[in-house]
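What follows is one structure encoded as structure tokens, with my remarks underneath.
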Amino acid sequence: MDNELIEKVLEEIRKKVDLKNISKDQLNEIVKSSSENLISRQNKENNNKKEVDLMSAPSPITEFVGTANYGDTVGLVIANVDSLLHEKMGIDAKYRSIGIISDRTGAGPQIMAADEAVKATNTEVISIELPRDTKGGAGHGSLIILASEDVSDSRRAVEVALKDTDRTFGDVYGFDAGHVELHYTARASLALNKAFGAPIGKSFGIIVGAPAGLGVVMADTALKTANVDLVSYSSPSNGTSYSNEVIITVTGDSGAVRQSVIAAREVGLSIARSMGQNPVSTTGKPYI
Amino acid sequence: MDNELIEKVLEEIRKKVDLKNISKDQLNEIVKSSSENLISRQNKENNNKKEVDLMSAPSPITEFVGTANYGDTVGLVIANVDSLLHEKMGIDAKYRSIGIISDRTGAGPQIMAADEAVKATNTEVISIELPRDTKGGAGHGSLIILASEDVSDSRRAVEVALKDTDRTFGDVYGFDAGHVELHYTARASLALNKAFGAPIGKSFGIIVGAPAGLGVVMADTALKTANVDLVSYSSPSNGTSYSNEVIITVTGDSGAVRQSVIAAREVGLSIARSMGQNPVSTTGKPYI
Amino acid sequence: MDNELIEKVLEEIRKKVDLKNISKDQLNEIVKSSSENLISRQNKENNNKKEVDLMSAPSPITEFVGTANYGDTVGLVIANVDSLLHEKMGIDAKYRSIGIISDRTGAGPQIMAADEAVKATNTEVISIELPRDTKGGAGHGSLIILASEDVSDSRRAVEVALKDTDRTFGDVYGFDAGHVELHYTARASLALNKAFGAPIGKSFGIIVGAPAGLGVVMADTALKTANVDLVSYSSPSNGTSYSNEVIITVTGDSGAVRQSVIAAREVGLSIARSMGQNPVSTTGKPYI
């Protein structure tokens, strides 16, 4: 089985190498793909290893809930938060347990997913912080803290959130020069309210473009397309963590919000293509 | 079996390498350029795709003006900014149109270019924001917003700015551990005034070193070399977006400013070389 | 001569490949090391060039003290800081000279090393700034400014600090999705006091996890494990430069601090492994 994998990789290299006059470009190709293969194979290895770990691990970390498929997203829980830490994190005295959603790449997808999680469970959103991250990309990671009286609620919420990112990453379109990202919900809840001031229970859309200039044009298109209200406007030096994004959020009638988000997506992707980029859905399954 | 394949691969590489009387520098160049070629090849592919798109595209995006050759710089315009957005962006009521210069890598080059653009056109600088970016590098990207009564003026300004970055990237010297960047103009205008408080109409220089320590020594050298006035001093936690740079700007007699900038360049490049780095002009054509 | 170098590299690869039963792990290792070798070879090349430069250079840069082995750390001194710069940097009038420690990756290791340097020399810590950096990673770089009346003291301090990072990088564990980092000293001095408010002369520990969620669980474990006082708690939007880290610092009885840090390390590394990551000591020599 391992050999099959090895064979496959080598076969590919061999095909390239067997060409008669290997050019400098081709040599470059080999060198280039070595690092790409390294990453993809390492990921596979890690996945295999993880499976093995899960099967054989004698004492798994009780705080570890799991990972999501995208964004280096990890889910964690603490059943009884240490009292010093509890105070420093500003958690309400009535909650002993917290759930943690933390990632390198993505704020929108995880916040949307956390929003679904708090709808589905008996938890509260304590804080949402947005590091400047995305591993060299233009945007944010996130650190989302949920709390509950009972740890099982936090754990359940984290599980729901991790799973739901498979959906919400569907409208994150990455490309070399930046990204285009859209989110939509028919009914905003506590996470979206905490992060963006979304009116609870109302239709809500998030529109993100990077580099920031894309976001400006996407915002303009979104607002012109349908009769929506602008909830927030963030730019590199105002409302982001100095990310290279313009982010707007809109609310209103659900049809209008959806229409607005879709129009912004079209113009964002078109500009990216005009820049010579190839924007693709992270999951291959747009959800809006 | 696997060994045979690997052997063959290595043999091919070896043959290629042995055939050419490849020098140490050339090998270095090949290895080093592998990642650069990766990007440029991707770009070529994208460009090909773009050409196809442009030929077949039924309705090109009117907001898209073009791209510059460096820094993932894109130029955009909006002819009639949506009124909600207009207000949120703080644009003066008399301007309907905006021009946008947005990029992943570089603030100095784009601001210098925008400065030339506003000199040459009937536009005003609305805002200059500096995301922490450079795609994993040590510095900033930028988001520059220009405004005009007529969209043709904004469009023209963006075109001028995109073109001028070919010049202003000439004194951006990138290397693995950081960068050394210099800018000089005999006559500062509104963009430099907005971004750095440059006295309008006077000679102006920008001196940047990364990691930040290089910038400290460059600043010291610049100020000791010639009789210039220090306009601004920025460091990671003060005046930058937490970039790993020290940036100073200077003004004064044009000869003195130029001399000061050149001296800073020499010491910055020397330190980089002492660090075992190989700083090179982004365009191959220093302009100062 | 150049061919000799190439031959050597290829011979090394070939030796590895000739091993009879090449496993998936070994192939992985080879592919992986190709990119690492690329970097290290380039570094060697650069070092060779540097040695040549140093031998042949008629006027080496007097400000350049040296580099450390990790983090793109460079040490610099200025014997007589320019008076304008002196004022802008807020340096006490009695100090003419400054020492500079500047890097792309790492704040903890360099601050710990600077702490040892000020203990060992007649210097003072002027400022410690933390750019958001690590070359696309989740954390900080640093810019540390020391000052002294005599340049020889600053130079000596920088030399001590550069050398000591070989030790302090021992408990920095990098992996693709983040890092786990620990520091411990039996006696905190002026650099740790400046950076984190460490009580001078007391035992002090630093606990860092990235992405930030790891740091929350590490913090909780550290505080539960031993009777220590929490000195500081930093998170992406509070006390960091929007890095994707939670950082706590603790003080107390030296045995307790050490125990607390070690427990945090274990849980941090375990979570990383549960995430399918492979955290490894930067130097291969943990020091705590």
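Couple of notes before you dig in:
- Calculated label separations, C:Arg167, copies of the chain, 7 Å along the beta-carbon direction, nm: 5.4, 5.4
- Each principal axis of the Cα atoms in the range C:173-281 has its own extent, and those three values, largest first, are 39, 28, 22 angstrom.
- Shortest-first distances to equivalent copies, position C:Lys285, nm, label 7 Å out along Cβ: 5.1, 5.1
- A compact globular protein would have a Cα radius of gyration near 2.2 N^0.38 Å; the ratio found for the range B:157-218 is 1.24.
- Backbone geometry of the range B:86-91 corresponds, through the Karplus equation with coefficients 6.51, -1.76 and 1.60 at θ = phi - 60°, to 3J(HN,Hα) couplings of 3, 5, 4, 7, x, 8 Hz, x marking Gly and Pro.
- Residue (of C:Ala68, C:Ser148, C:Tyr95) at the positive-pole extreme of the range C:64-167, dipole from beta-carbon charges: C:Ala68
- Computed from phi, the 3J(HN,Hα) profile of the range C:159-170 under the Karplus parametrisation 6.51, -1.76, 1.60 (θ = phi - 60°) reads 4, 4, 5, 4, 5, 5, 5, 4, 7, 6, 6, x Hz, with x in place of Gly and Pro.
- For the range A:76-82, 3J(HN,Hα) computed residue by residue from phi via the Karplus equation (6.51, -1.76, 1.60; θ = phi - 60°) reads 9, 9, 10, 6, 10, 5, 3 Hz, glycine and proline entered as x.
- Shown for A:Glu87: label points 7 Å from Cα along the beta-carbon vector, and their distances to the equivalent points in the other copies, 4.5, 4.5 nm in ascending order.
- Around the Cα centre of the range B:48-207, unit charges on the Cβ atoms of Lys, Arg, Asp and Glu (plus for the first two, minus for the last two) sum to a dipole of about 180 debye.
- Taking amide H as placed 1.01 Å from N in the peptide plane, C:Gly106 has its amide H under 5 Å from the amide H of C:Thr134, C:His140, C:Gly141, each at least 5 places away in sequence or on another chain.
- Separation between Cα centres of the range A:214-288 and the range B:124-150, rounded to whole Å: 19
- Database remark: amide H of C:Ser189 closer than 5 angstrom to the amide H of C:Gly201 (H placed geometrically; neighbours at sequence offset of 5 or more, or on other chains; Pro and chain starts carry no H).
- Residues whose amide H lies under 5 Å from that of A:Asp176, counting only those 5 or more places away or on a different chain, are A:Asn278; hydrogens are built 1.01 Å from N in the peptide plane.
- Which of B:Gly174, B:Ser203, B:Gly213, positive extreme of dipole for the range B:85-217 (C-beta unit charges): B:Ser203
- The charge dipole of the range C:110-151, taken about its Cα centre with unit charges on the Cβ of Lys, Arg, Asp and Glu (plus for the first two, minus for the last two), comes to roughly 300 debye.
- Debye intensity ratio I(q)/I(0), log10, the range A:64-165, q values 0.14, 0.19 Å⁻¹ (C-alpha model): -0.46, -0.82
- Of A:Lys94/A:Lys194; B:Lys94/B:Lys202; B:Lys94/B:Lys163; A:Lys194/C:Lys194; C:Lys135/C:Lys202, those spanning more than 22 Å from alpha-carbon to alpha-carbon: B:Lys94/B:Lys202; B:Lys94/B:Lys163; A:Lys194/C:Lys194; C:Lys135/C:Lys202
Every number in this text was worked out from the coordinates using simple rules, so none of it is lab data. None of the values given here were measured: they were computed from a predicted structure. We place every Cβ from the backbone using ideal geometry, glycine too, and count neighbours over all the protein chains shown.
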